[in-house]
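Down below is the structure, laid out as structure tokens.
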Amino acid sequence: MTYTESSTCELAVIGTGMAGIAAAVFANQHGISTAQAGVSGGILYASGYLDLMGVHPMTVKKTWDDPWQAIAALVKDLPDHPYARLSTDDIRNAFDQFLETLDAAGLPYRRDPDRNTRVITPVGTVKPTYAVPASMWAGAAGLAEKTPCLLIDFWGLKGFSAIQIAETLRPRWPNLTCARIPFPSVTLTVDLFTEQMARSLEVPANRKTLADEIRPHLKGAALVGMPAILGMHRNAEIMADIENQLGCNVFEIPTMPPSMAGLRMKEKIEAYLTRQGVSLFSQKRITRVQREADGRFTLTISDPSAKDSGHTLTADGIILAAGRFLGMGLHADRKGIRETLFDLPVHQPRNRAHWHQEDFFDPAGHQINAAGLEIDDHFRPADRSAKPVYDNLFAAGSILANQDWIRMKCGAGLAIATAWGAVRGFMKAMKKSELGERQP
Ligand SMILES: Cc1cc2nc3c(=O)[nH]c(=O)nc-3n(C[C@H](O)[C@H](O)[C@H](O)COP(=O)(O)OP(=O)(O)OC[C@H]3O[C@@H](n4cnc5c(N)ncnc54)[C@H](O)[C@@H]3O)c2cc1C
């Protein structure tokens, strides 16, 4: 297909962040012909951890070991939260099927299906999450078991300090030591970037030099933690090689954005979805949507850097997973907050004076972070009288109202679960078989 041709599909997914990816995964699994367009979203900044539900109520910062109990409490207290439109079984099914797909795409995850796991952040704090990239799992286990561990950082890699992480973690993980080492074949004065480092470790000779640098610092450590730089496409193989050379387990710690975990997810899942037949318009924006007389939508897909008129896609239905302000699904200006493609009604504070609390760190959060699209039970954006604006337009992810995923620690969970709800809504509207039973 050349870029200027037109095409048709059953479902168009707007957005290639976590919610858009999950929607494309579920639609494809159910045999729906799917096209997807978007520019890299928050996924490039993501740590790789998939949070389901970690903190509720936000005001008292209560953290939960059991995410399912947390969701039950949340839904009781905040019945407008998007999770309230899904059953526990829906959310479990959504996660199970999404993790299976990540595995098939070459991104294995580990979890306890009924518990949150405590994991290490790039600055050494600990947070609850639900699913953990396999490359980071040994760190969570080491933290729980207080295994003697060596943390490594590199001359020239900014924003990742083994000493800072160790000092922050030491009250709960006493057996930590640190070392700063040179990165193979790079002089000490050069700035290092995680993507370059990851690609360079695809070369076996560089891995041998790295292991040789680390070995003298081991001094009894049974585990080695490093920034997430251990390969781009062959992470498992590269880790196994380094573990073999060191004779102990190794784990990755997420770095500050942009992160390898996010890049890996984006590249692997996009390649997988394309192989599965999803028409992917990567790094493209929808610049216009028009509703046809027969109810279908015609979307104009454009390359932000090109001057041609774009590709025309006609779809029976749309899932809008365009994110919030970072993704550009919402835009805030002096008049208020608006949805950028359809001009849908946006649930928002009365006026700008109510957007933010005076105290930036107010535990109640800022009202602007709960702005977004209100939906009905089928995940269709609704108007002020709670009626769907269009019967074949659905929404998923952070663009939805009445949630503050950053503070509640439910970013990926919200994206995955609501994508499930939106695909189910689409299937109902199109009178396709029920989503929920395990179908291909
Ligand atoms: C720094 C950072 C760290 C994070 N860490 C975690 C974490 O540790 N755990 C966790 O669970 N989650 C984390 N997340 C959150 C998670 O990765 C998702 O960003 C979040 O769940 C929202 O996803 P989304 O798909 O709804 O929106 P976004 O990621 O914002 O994606 C929106 C998409 O819509 C596209 N779009 C918008 N308008 C158009 C248009 N007109 N045409 C085409 N495409 C359009 C954008 O290009 C983008 O692809 C993190 C996010 C960030 C930013």
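Per-residue ellipticity at 222 nm, computed for the chain from helices alone with -39500 (n - 2.57) per DSSP H run of at least four residues, works out to -9000 deg cm²/dmol.
The coefficient of translational diffusion for region 76-186, derived via Stokes-Einstein from the alpha carbon Kirkwood radius under 20 °C and 1.002 mPa s, stands at 130 µm²/s. The residue list Phe360, Asn93, Gly413 was ranked by how far each Cα lies along the charge dipole of the chain toward its positive end, using unit charges on Cβ atoms, and Phe360 comes out on top.
How big is D for region 123-255, in µm² s⁻¹ as a whole number, if Stokes-Einstein is applied with the Kirkwood radius of its Cα pairs at 25 °C and 0.890 mPa s? It comes out at roughly 166 µm²/s.
When the dipole is taken about the Cα centre of region 51-187, and only Lys, Arg (+1) and Asp, Glu (-1) are charged at their Cβ, what size is it in debye, to the nearest 20?
On the way: 15 positive and 15 negative charges, 124 e Å.
The calculated dipole for region 51-187 is roughly 600 debye.
Here the simple spin-label model places points 7 Å from the Cα toward Cβ, and for Leu326 and Val190 these points are separated by 3.0 nm.
Across the chain, Cα pairs under 8 Å and at least six residues apart give a relative contact order of 24 percent. About the centre of its Cα atoms, region 25-96 shows a dipole size close to 160 debye [charges on the beta carbon of Lys, Arg (+1) and Asp, Glu (-1) only; nearest 20 debye]. Highest mean packing first, where packing is the average number of other Cβ atoms within 10 Å per residue, the peptides 77-88, 320-331 line up as 320-331, 77-88.
Positive contributions from Lys and Arg (+1) and negative ones from Asp and Glu (-1), summed over other residues with Cβ under 13 Å from the Cβ of Thr63, come out at +4. When the Cα positions of Gly42, Pro184, Ala19 are compared along the charge dipole of the chain, Pro184 comes out farthest toward the positive end, with charges on each C-beta of Lys, Arg, Asp and Glu.
Taking a straight Cα-Cα cut-off under 19 Å and skipping sequence neighbours fewer than 8 places away in the same chain, the lysines within cross-link reach of Lys409 are Lys61, Lys62, Lys76, Lys127. The Cα trace of the chain gives Rg and Dmax of 22.5, 73 Å, the first to one decimal, the second as a whole number.
With charges set only on the Cβ (+1 for Lys and Arg, -1 for Asp and Glu), what does the dipole of the chain come to about its Cα centre, in debye to the nearest 20?
540
Residues Ser259, Ser40, Ser309, Ser6, ranked from the fewest to the most other C-beta atoms within 10 Å, line up as Ser309, Ser6, Ser40, Ser259. A protection proxy built from the mean count of other Cβ atoms within 10 Å ranks the segments 272-281, 143-152, 345-354, 129-138, most packed first, as 129-138, 143-152, 272-281, 345-354. Packing order of peptides 412-425, 48-61, highest average first: 412-425, 48-61 (average count of other Cβ atoms within 10 Å over each peptide's residues).
Values in this text are rule-based calculations from the coordinates and carry no lab data. Source: prediction; values computed, not measured. All Cβ positions, even for glycine, are placed from backbone atoms using ideal geometry, and neighbour counts span all protein chains on display.
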